[in-house]
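The values are calculated or read from the model by the stated rules, or taken from the named source; none is laboratory data. The structure presented is a predicted model; accordingly, all values stated were derived computationally and were not measured. All Cβ positions, glycine included, derive from the backbone under ideal geometry; neighbour counts span all protein chains shown. Please note that ligands, DNA and RNA were not included when accessible areas were found on the heavy atoms of the full protein model with its side chains. Shrake-Rupley method; radii C 1.70, N 1.55, O 1.52, S 1.80 Å.
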Amino acid sequence: MVNIKLARTGTKHEPSYRFVVLDRRKPTNGAVIETLGYYDPKPKEPKIDVKEERVLYWLGLGAQPTDSVRNLLKRHGTWQKYVAARDAK
């Protein structure tokens, strides 16, 4: 089973995060299957850049997002597209 998690990058006091797909049993900084985008919380308008097509692909395969990732995907609008596609089936 795979998860979509946030992997922390950046320096001290300047965090940024990557959306990564990895095996549920591996640590967040372990071997990454695929990087799906990034999240930068520092600006006044936090930046969320997501490869939407790939996120929907992994969610369709059954990847489980963490709560933080799910909230960020909702803010980006990708989660609503996934739910609409899932309910249409």
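What to note about this one:
- From the largest down, the chain spans 45, 32, 19 angstrom on the principal axes of its Cα atoms.
- Percent carbon-and-sulfur accessible area, the chain, ignoring ligands, DNA and RNA, probe 1.4 Å: 49 percent
- Taken over the chain, lysine pairs spaced eight or more positions apart, or on distinct chains, with alpha carbons under 17 Å apart number 9.
- Residue-normalised accessible area of the chain, given per residue in Å² at a 1.4 Å probe: 66 Å²
- Amide H to amide H distances under 5 Å link residue 66 with 4, where only residues 5 or more positions off or on other chains count and H is placed in the peptide plane.
- In a reduced charge model with +1 at each Lys and Arg Cβ and -1 at each Asp and Glu Cβ, the stretch 1-58 shows a dipole moment near 280 debye about its Cα centre.
- At an R0 of 22 angstrom, the distance between the Cβ atoms of residue 32 and residue 80 translates into a FRET efficiency of 0.25.
- Cα convex hull of the stretch 1-43 - mean projected area over all directions, nm²: 3.0 nm²
- Each Cα pair under 8 Å and six or more residues apart adds its separation to the average, and for the chain the resulting relative contact order is 25 percent.
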